[in-house]
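K.L.:
Below you will find the structure I want to go over with you.
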Amino acid sequence: MSAQNVLVVEDDTALSELVGGLLTEAGYNPVTIADHSLIGAAVSRWKPRCVILDGEVKATGASRTWDDAAAIRRAHPTLPVVMFTADGAALAEADAGTSRRSRAASFAGIVSKPFVVEEFLATVKSAVDRSGSIETSPSPAQADTATAEAITVFPDVGHLGTDWPDTDLIGMVVHELRAPLTVIRGQAQLARRHIGRDPAKERLAIDTAIEQTDRMAAMITELLDHARLASNGLSLRVIPFDLVSAVVEAIARHDYEVTPRISFERPAANVRVRGDAGRVAQILDNLLSNAVKYSGPVDPIEVSLTVEGDQARVRIADHGVGVPAGERDMLFTPFFRTSRTRHLPGTGLGLHISKRLAERHGGGLGLEDSDSSSAGSVFALTLPLAI
């Protein structure tokens with residue numbers, strides 16, 4: 001076992017990869033997990049010289065950093081823990097070290113998000129240099145558990161109602177927006193370090209920063225839509241348009257492989273509906289994006305359009321991960337991610353926003369069918385026909 005293992009507890013995939021890469025370049029062996037409940041087992045198995053602890057937000061909106069750090073200190077008094085958070089109040093409290101919980105946590109170092117690479121590495125080095133050894137032997141069950149890496153980008157809201165306190169929501173949003181911002185800053189610093197020396201690494205860092213900028217922009221757009229829908233402040237430009245053409249165009253935006261995987265069972269004639277064509281395209285994009293994201297790379301996706309009474313119905317069927325039976329009632333709740341999708345990027349807002357938009361059109365969106373054995377889902381969008 002390497003004497004330079006560093007345990008990184010970080011729930012954002014891109015940020016975890018950035019930190020892991022920095023630690024590797026600095027000569028450490030990073031061990032990354034995303035599930036805070038696995039910290040004890042990971043420490044026992046990998047015997048790290050330092051723990052870098054992300055300020056994960058609980059379902060209540062509060063940070064669990066303090067409790068996790070205190071638990072580590074109780075179990076392993078000589079193991080340094082570095083606070084790694086975007087919460088300015090928590091950083092100030094930890095730096096002062098006068099509160100009861102800051103004394104219990106006893107952080108060996110503090111790193112804010114976004115961070116300066118040199119300061120981050122210096123903080124880790126200081127913590128590693130002062131660390132002691134850990135003699136805890138893991139049980140077989142702990143060793144198996146510690147290998148799990150279920151990355152949860154947003155908190156589990158399975159036990160919450162739909163009315164999330166605004167202050168908790170703001171705290172969660174700030175936490176999540178800071179993650180891509182931290183990656184952008186870190187990658188920009190990496191690019192600067194490699195200018196003129198390693199063009200491949202320089203390009204990779206810039207490309208990653210651009211991807212995270214796009215991620216942040218999409219997240220902000222979804223948050224704004226959510227806020228506008230919640231306040232009834234989102235307006236629609238309702239006109240008659242052909243839904244068949246809208247579905248064809250949406251499929252083209254998501255099916256660009258050499259061998260098409262998305263089939264479309266279309267009616268013989270045009271199907272004219274009334275609605276905001278841009279918002280309907282947004283709903284279709286979300287449903288098709290989810291079908292692609294949560295299915296295998298060659299799994300087929302079937303789309304059909306039918307007319308039923310005074311409504312048009314679009315069905316999108318995939319053969320992906322499905323939705324567990326016990327989680328279907330929460331599927332359209334803001335920020336909810338199912339246990340089968342939390343390891344993939346996403347905000348948990350797309351389906352909620354799409355359903356609300358469909359309802360604003362006088363239609364609906366629902367989960368028509370889902371195989372609990374991980375064999376796919378069928379979503380159905382209904383829109384009123386143009387009279």
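The values are calculated or read from the model by the stated rules, or taken from the named source; none is laboratory data. Nothing here was measured: the structure is a model prediction, and the numbers come from that model. Here the Cβ positions follow ideal geometry from the backbone for every residue, glycine too, while neighbour counts run over all protein chains shown. The accessibility values were calculated without ligands, DNA or RNA, using every heavy atom of the protein model including side chains. Shrake-Rupley method; radii C 1.70, N 1.55, O 1.52, S 1.80 Å.
K.L.:
Under 28 Å from Thr208 (Cα atoms) and either aromatic (Phe, Trp, Tyr) or touching a residue at least 60 places away in the same chain (Cβ under 8 Å) (or both): does that describe Asp35?
P.N.:
So Asp35 passes the test.
K.L.:
Kindly establish whether Pro300 is touching a helix residue (DSSP H, G or I) at 6+ places or on another chain (Cβ under 8 Å), open to solvent by 20 Å² or more (accessible area, probe 1.4 Å) and more than 23 Å from Glu359 (Cβ to Cβ).
P.N.:
On the way: touching a helix residue (DSSP H, G or I) at 6+ places or on another chain (Cβ under 8 Å): no; open to solvent by 20 Å² or more (accessible area, probe 1.4 Å): yes; more than 23 Å from Glu359 (Cβ to Cβ): yes.
Taking the combined requirement at face value, the residue does not satisfy it.
K.L.:
Restricting attention to region 223-239, does a residue exist that is modelled with pLDDT of 90 or more and aliphatic (A, V, I, L, M)?
P.N.:
Yes: region 223-239 contains one or more residues that are modelled with pLDDT of 90 or more and aliphatic (A, V, I, L, M).
K.L.:
Now for a different question. Which count do you get for residues in region 330-387 that are at pLDDT below 90 and among the basic types (Lys, Arg)?
P.N.:
3
K.L.:
Let me ask something additional. Just give me the residues in region 248-260 being in contact with a strand residue (DSSP E or B) (Cβ under 6 Å, 6 or more places away or on another chain) and either modelled with pLDDT of 90 or more or under 23 Å from Gly366 (Cβ atoms) (or both), in sequence order.
P.N.:
Filtering region 248-260 down to residues in contact with a strand residue (DSSP E or B) (Cβ under 6 Å, 6 or more places away or on another chain) leaves 251, 255.
If the condition is that a residue be in contact with a strand residue (DSSP E or B) (Cβ under 6 Å, 6 or more places away or on another chain) and either modelled with pLDDT of 90 or more or under 23 Å from Gly366 (Cβ atoms) (or both), then Ile251 is the only one that fits.
K.L.:
With aromatic (Phe, Trp, Tyr), open to solvent by less than 40 Å² (accessible area, probe 1.4 Å) and closer than 23 Å to Glu302 by Cα as the only criterion, which of Phe264, Phe241 stands out?
P.N.:
Numbers: Phe264 fails: open to solvent by less than 40 Å² (accessible area, probe 1.4 Å).
The conditions single out Phe241.
K.L.:
Here's a follow-up. Regarding Ala96, is this residue of a type in the set (Gly, Ala, Ser), out of contact with any Phe, Trp or Tyr (no Cβ under 7 Å at 6 or more places or on another chain), open to solvent by 10 Å² or more (accessible area, probe 1.4 Å) and without any contact (Cβ under 8 Å) to a residue 24 or more places away in the chain?
P.N.:
Yes: the conditions hold for Ala96.
K.L.:
Looking at Ala89, Ala108, Ala75 in this structure, which one is open to solvent by 30 Å² or more (accessible area, probe 1.4 Å) and at pLDDT 90 or above?
P.N.:
Numbers: Ala89 fails: at pLDDT 90 or above; Ala108 fails: open to solvent by 30 Å² or more (accessible area, probe 1.4 Å).
Only one candidate qualifies: Ala75.
K.L.:
Also, I was wondering about something else. Say whether the condition of being assigned to a helix (DSSP H, G or I) and among the charged types (D, E, K, R) is met by at least one residue in region 259-272. Steps first, please.
P.N.:
If we filter region 259-272 for residues that are assigned to a helix (DSSP H, G or I), which is where we start, we get none.
Taking every residue of region 259-272 in turn, none turns out to be assigned to a helix (DSSP H, G or I) and among the charged types (D, E, K, R).
K.L.:
Going by the structure shown, is Pro30 in contact with a Ser or Thr (Cβ under 9 Å, 6 or more places away or on another chain), buried (at least 19 other Cβ atoms within 10 Å of the Cβ), at pLDDT 90 or above and part of a loop (DSSP other than H, G, I, E, B)?
P.N.:
Judged against the criteria, Pro30 is not a match.
K.L.:
Scan region 214-231 and tell me whether some residue there is open to solvent by 70 Å² or more (accessible area, probe 1.4 Å), free of Cβ contacts under 8 Å to residues at least 12 places away in the same chain, touching a helix residue (DSSP H, G or I) at 6+ places or on another chain (Cβ under 9 Å) and not in a helix (DSSP H, G or I).
P.N.:
No, because not a single residue in region 214-231 is open to solvent by 70 Å² or more (accessible area, probe 1.4 Å), free of Cβ contacts under 8 Å to residues at least 12 places away in the same chain, touching a helix residue (DSSP H, G or I) at 6+ places or on another chain (Cβ under 9 Å) and not in a helix (DSSP H, G or I).
K.L.:
Kindly evaluate Ala41 against the criterion of being touching a Ser or Thr at 6+ places or on another chain (Cβ under 6 Å) and crowded, with 20+ Cβ neighbours inside 10 Å.
P.N.:
Spelling it out, Ala41 is indeed touching a Ser or Thr at 6+ places or on another chain (Cβ under 6 Å) and crowded, with 20+ Cβ neighbours inside 10 Å.
K.L.:
Please go through region 265-295 and give me each residue that is under 21 Å from Ala375 (Cβ atoms) and not charged (D, E, K, R), ordered by number.
P.N.:
Of the residues in region 265-295, the ones under 21 Å from Ala375 (Cβ atoms) are 265, 287-295.
Within region 265-295, Leu287, Leu288, Ser289, Asn290, Ala291, Val292, Tyr294, Ser295 meet the criteria.
K.L.:
Given Leu288, Leu367, which one is in a strand (DSSP E or B) and over 17 Å from the mean Cα position of the chain (by Cα)?
P.N.:
Leu367
K.L.:
Still on this structure: When the residues of region 1-15 are narrowed to those that are touching a strand residue (DSSP E or B) at 6+ places or on another chain (Cβ under 7 Å) and surrounded by fewer than 23 Cβ atoms within 10 Å (Cβ to Cβ), which ends up modelled with the lowest pLDDT?
P.N.:
Ser2
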